[in-house]
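The values are calculated or read from the model by the stated rules, or taken from the named source; none is laboratory data. Model, not experiment: these values are computed from the prediction. So basically every Cβ, Gly included, is an ideal-geometry build from the backbone, and we count neighbours across all protein chains shown. Calculation scope for accessible area: heavy atoms of the full protein, side chains included, ligands and nucleic acids excluded. Shrake-Rupley method; radii C 1.70, N 1.55, O 1.52, S 1.80 Å.
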Amino acid sequence: MTLVETENLSVTFRAQGREVRAVQDVSLTVAEGESFGLVGESGSGKSTILRAICGMAPVSAGTIRIGGKPLPTPRGPGFATRVQMVFQDPYASLHPRHTIDRTLSEPLAIHGIGGADDRVIRALQDVGLPTSFRFRYPHQLSGGQRQRVAIARALMLEPRILLLDEPTSALDASVQAEVLNLLNRLRAERGLTFLMVSHDLAVVDYMTDRVLVMKDGRAVEALSREDLAQSRMKTDYVRNLLAASADRMLEQPATGMAPA
Ligand code: ADP
Ligand code: MG
């Protein structure tokens, strides 16, 4: 069953009399339980697609459906219980003056869900953090630990779908592998559906079943994991993306990404 779908999605930003056509005519489908990758060079429109799904970017044409139903605008309170996003920068995405406890219990309070103490403790355990971190502040945590908190926060309302925008690209290579493995484990345990963005084809290949390659706001190529393994790409653009991520792997031989 298709869980997430964009049909001929276009997003146009208008700023200071200028138009930026960030996404043009992009159609994609993500099946329930699937992990789907969006890859492409910087500025190709990947983040804008995730933001459009969340209602944070101006959709100028096309339709976004979750579970077969077009999304209402604004998204409404039910959206957050089904879809959550994890952002690239764990330093910017956590409130600096809120304890981890407050950050994790806030979604529960907003949605009138009780048992916050137990749920916060369980959420920390689920992402591999000591429960003593509950009363720390973000500045007392490493980048990888902060991203674990951001993942825990995204899961507090038990959504079926995670939108992941370069969730590890701000982290050191060894920490990156740990967080990717955590995400893979959580997906397997909970049957989550992932839509994950990266500029690094190696990361997307490690994490996802299928990939859509973006360039200048458009979808240029769709590839399965087998297509990638056998270098069955049609365009030089994708070949170059693969070569660039192979170079990164050589620069960072300690990445330690191995099949889960
Ligand atoms: P990616 O995530 O692939 O790096 P983005 O989706 O962030 O790319 O951006 C796609 C294009 O849209 C870029 O040209 C970017 O400058 C532009 N863009 C993104 N957000 C805005 C905005 N809020 N206002 C104007 N232009 C934007
Ligand atoms: Mg981006």
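Just to be sure I understand, how many residues within the stretch 1-38 are under 28 Å from Arg239 (Cα atoms) and either within 11 Å of ligand 2 (Cβ to nearest atom) or aromatic (Phe, Trp, Tyr) (or both)?
Selection size over the stretch 1-38: 3.
Asp126: of a type in the set (D, E, K, R) and in contact (Cβ under 8 Å) with a residue 60 or more places away in the chain, yes or no?
For Asp126, the condition - of a type in the set (D, E, K, R) and in contact (Cβ under 8 Å) with a residue 60 or more places away in the chain - is met.
Taking the condition within 16 Å of ligand 2 (Cβ to nearest atom) and either surrounded by fewer than 23 Cβ atoms within 10 Å (Cβ to Cβ) or closer than 17 Å to Leu38 by Cα (or both), does Thr168 pass?
Taking the combined requirement at face value, the residue satisfies it.
Counting only residues that are out of contact with any strand residue (DSSP E or B) (no Cβ under 7 Å at 6 or more places or on another chain) and not in a strand (DSSP E or B), which one in the stretch 1-36 is most open to solvent (accessible area, probe 1.4 Å)?
Only one residue tops the list, namely Gln16.
Can you name every residue in the stretch 132-145 that is assigned to a helix (DSSP H, G or I) and either open to solvent by less than 60 Å² (accessible area, probe 1.4 Å) or acidic (Asp, Glu) (or both)?
Once the filter is applied, which keeps residues that are assigned to a helix (DSSP H, G or I) and either open to solvent by less than 60 Å² (accessible area, probe 1.4 Å) or acidic (Asp, Glu) (or both), the stretch 132-145 yields Phe133, Arg134, Pro138, Gly143, Gly144, Gln145.
So which of Arg97, Arg185 is in contact (Cβ under 8 Å) with a residue 12 or more places away in the chain, open to solvent by 50 Å² or more (accessible area, probe 1.4 Å) and under 23 Å from Thr208 (Cα atoms)?
Among Arg97, Arg185, only Arg185 is in contact (Cβ under 8 Å) with a residue 12 or more places away in the chain, open to solvent by 50 Å² or more (accessible area, probe 1.4 Å) and under 23 Å from Thr208 (Cα atoms).
Say whether the condition of being touching a residue at least 12 places away in the same chain (Cβ under 8 Å), within 16 Å of ligand 1 (Cβ to nearest atom), open to solvent by 30 Å² or more (accessible area, probe 1.4 Å) and not aromatic (Phe, Trp, Tyr) is met by at least one residue in the stretch 62-79.
Within the stretch 62-79 (the criterion being touching a residue at least 12 places away in the same chain (Cβ under 8 Å), within 16 Å of ligand 1 (Cβ to nearest atom), open to solvent by 30 Å² or more (accessible area, probe 1.4 Å) and not aromatic (Phe, Trp, Tyr)), the answer is yes, since at least one residue qualifies.
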